[in-house]
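Okay, structure first, notes after.
The values are calculated or read from the model by the stated rules, or taken from the named source; none is laboratory data. All values derive from a computational prediction rather than experimental measurement. Please note: Cβ atoms are built from the backbone with ideal geometry, for glycine as well, and neighbour counts cover all protein chains shown. For accessibility, only protein heavy atoms count, side chains too; no ligands or nucleic acids. Shrake-Rupley method; radii C 1.70, N 1.55, O 1.52, S 1.80 Å.
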Amino acid sequence: MSGKIPVAVLGATGAVGQRLVSLLGSHPWFELAGLCASERSVGKPYLEAARWLLPSPPPDFARWAKVLPCEPDARWQIAFSALDAGPALDIEEAFARAGAVVASNARSHRMRSDVPLVVPEVNPEHLGLAELQPYGGRGAIITNPNCSTIGLVLALAPLAERFGVESAAVTTLQAASGAGYPGMSSLDLVDNVVPLIGGEEEKLETEPRKILGRLEGGRVAESGIRLSATCTRVAVIDGHTLAVSVRLRSRAAREEVLEAWASWPGRVAGLGLPSAPERPLLYREEADRPQPRLDRDEGRGMTVVLGRLRACPLADWKFVALSHNTLRGAAGGTILLAELAASRGLCGLKAPGRPRRPRFTRSFPIDIIRTAL
Ligand code: NAP
């Protein structure tokens, strides 16, 4: 197989799973080698078990592959998980114990103290937490945040670095695909806004504190940022819109906020990770942008598009952010995370064309990993 890293997709038939299959079908470092899903799908040809929802055709591998059970196979070095949270809990653990690096979209392990919750441009050093996991340095679980958290954190990170962020209030308008496939009934969603997404507000109020926290002595000291979230579901297919009000620790003029976003390269710039967008953030000056239909595919769906920065009568500044929920917020985000892990040699992974690094061991000092990233 070409020197690429063999990978499997868990939950390959769902909304995020299909995005993973589509992106991994032509990935320069990763070779799609297994498509796994539930008992309902096992043994069926993939395209019979999955209703292919994407406009681009499925990759060749998906045309002839049969769906496999979610059981570890020693040939798969990375397992991309797009499982529902319930089954993810034990299945991801089983894969990590068997020696795979699990790059997960599910919430099940995100807040575990030894599990990195990473937006690569923001907190790549948190990957070092994987060293503390009880899988003997062979396997690991690394996680991508909730799809709305990612847009929020990418927008706030440059402001936190430059000015400090005291608090933020966010109202989300989340796309239908965020509920998976087939998701909500169209009669519940069309001509409507549903003002509840179960469990979502709690994730938006807690995950950014871990991501923006500091890695100290093998644990994350959470950021003190205070967050208040209201999450709604709207009749948009892809793309979560966030209306954010932010209070900064030090005063910043509008031009300074714009400059902080514009000049922020993110912390994986220059690492040559194939899925890293040229720019993680893009500010649009037009008065009526960003819009999901027009802006969600910016940077191959990996750029968060910002707009409408204006003074907030209650906080300091308010703005709108848009991110593609199944690309930047899920499949693309976990692939970028796995690229970061491979570039760092996590658990002995070797990115094609890069020297192999030793597998993590308990004696591998966590601070060395941090400074190397
Ligand atoms: P989905 O469309 O409902 O897909 C769920 C997948 O999980 C399917 O492949 C399903 O297989 C599989 N599955 C369900 N129960 C299983 C079991 N007991 N054993 C093995 N496989 C099982 O959901 P999704 O929207 O793709 O979301 C997947 C995960 O990503 C969730 O944890 C979600 O919270 C997270 N996420 C989603 C988004 C988004 O925008 N949609 C964004 C970020 C994170 P079958 O087809 O065989 O049932």
Any chance residue 35 is within 13 Å of the ligand (Cβ to nearest atom), of a type outside the set (Val, Ile, Thr), in the same structural domain as residue 105 (by TED's automatic domain parsing) and touching a strand residue (DSSP E or B) at 6+ places or on another chain (Cβ under 7 Å): yes
Residue match in the range 42-49 (condition: within 13 Å of the ligand (Cβ to nearest atom), crowded, with 18+ Cβ neighbours inside 10 Å and without any contact (Cβ under 8 Å) to a residue 40 or more places away in the chain): yes
Criterion violated by residue 143 - all others in (1) more than 16 Å from the ligand (Cβ to nearest atom); (2) in contact with a Ser or Thr (Cβ under 6 Å, 6 or more places away or on another chain) satisfied: (1)
Failed item in (1) touching a residue at least 24 places away in the same chain (Cβ under 8 Å); (2) surrounded by fewer than 19 Cβ atoms within 10 Å (Cβ to Cβ); (3) in a strand (DSSP E or B), with residue 308 passing the rest: (1)
From the options 286, 256, residue that is under 27 Å from residue 162 (Cα atoms), in a loop (DSSP other than H, G, I, E, B) and open to solvent by 40 Å² or more (accessible area, probe 1.4 Å): 286
Residues being open to solvent by less than 10 Å² (accessible area, probe 1.4 Å) and β-branched (Val, Ile, Thr) - total across the range 235-253: 2
Residue satisfying all of: in the range 79-133; within 25 Å of residue 216 (Cα to Cα) and without any contact (Cβ under 8 Å) to a residue 40 or more places away in the chain; nearest to the ligand (Cβ to nearest atom) among these: 108
Residue that is farthest from residue 221 (Cα to Cα) [pool: residues in the range 177-193 that are at pLDDT 95 or above and open to solvent by less than 30 Å² (accessible area, probe 1.4 Å)]: 189
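Residues are listed down the side, and each one gets a yes or a no for (1) touching a helix residue (DSSP H, G or I) at 6+ places or on another chain (Cβ under 8 Å); (2) under 19 Å from residue 119 (Cβ atoms); (3) at pLDDT 95 or above:
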residue: 240; (1), (2), (3): yes, yes, yes
residue: 252; (1), (2), (3): yes, no, yes
residue: 267; (1), (2), (3): yes, yes, yes
residue: 274; (1), (2), (3): yes, yes, yes
residue: 279; (1), (2), (3): no, yes, yes
residue: 286; (1), (2), (3): no, no, yes
residue: 292; (1), (2), (3): no, no, yes
residue: 298; (1), (2), (3): no, yes, yes
residue: 318; (1), (2), (3): no, no, yes
Tally, over the range 203-232, of residues that are in contact (Cβ under 8 Å) with a residue 60 or more places away in the chain and in a strand (DSSP E or B): 10
Filter result (out of contact with any Leu (no Cβ under 7 Å at 6 or more places or on another chain) and free of Cβ contacts under 8 Å to residues at least 60 places away in the same chain) within the range 240-262: 253, 255, 259, 262
Some residue of the range 51-58 being more than 30 Å from residue 345 (Cα to Cα), free of Cβ contacts under 8 Å to residues at least 40 places away in the same chain, among the hydroxyl-bearing types (Ser, Thr, Tyr) and surrounded by 22 or more Cβ atoms within 10 Å (Cβ to Cβ): no
Hits in the range 207-234 (condition: within 15 Å of the ligand (Cβ to nearest atom) and surrounded by fewer than 20 Cβ atoms within 10 Å (Cβ to Cβ)): 232, 234
The range 259-278, residues that are assigned to a loop (DSSP other than H, G, I, E, B) and buried (at least 18 other Cβ atoms within 10 Å of the Cβ): 264, 266, 267, 268, 273, 275, 276, 277
Residues located in the range 163-202, provided they are among the aliphatic types (A, V, I, L, M) and not in a helix (DSSP H, G or I): 165, 168, 169, 170, 173, 175, 184, 190, 193, 194, 196, 197
Single unsatisfied condition, residue 297 versus (1) more than 29 Å from residue 99 (Cα to Cα); (2) open to solvent by less than 60 Å² (accessible area, probe 1.4 Å); (3) not hydroxyl-bearing (Ser, Thr, Tyr): (2)
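Residues are listed down the side, and each one gets a yes or a no for (1) outside the structural domain of residue 117 (by TED's automatic domain parsing); (2) of a type in the set (Ser, Thr, Tyr); (3) touching a residue at least 60 places away in the same chain (Cβ under 8 Å):
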{"site": "151", "(1), (2), (3)": "yes, no, yes"}
{"site": "160", "(1), (2), (3)": "yes, no, yes"}
{"site": "163", "(1), (2), (3)": "yes, no, yes"}
{"site": "172", "(1), (2), (3)": "yes, yes, yes"}
{"site": "176", "(1), (2), (3)": "yes, no, yes"}
{"site": "182", "(1), (2), (3)": "yes, no, no"}
{"site": "186", "(1), (2), (3)": "yes, yes, no"}
{"site": "201", "(1), (2), (3)": "yes, no, no"}
Any hit, the range 149-172, residues being more than 15 Å from the chain's Cα centre (by Cα) and within 16 Å of the ligand (Cβ to nearest atom): yes
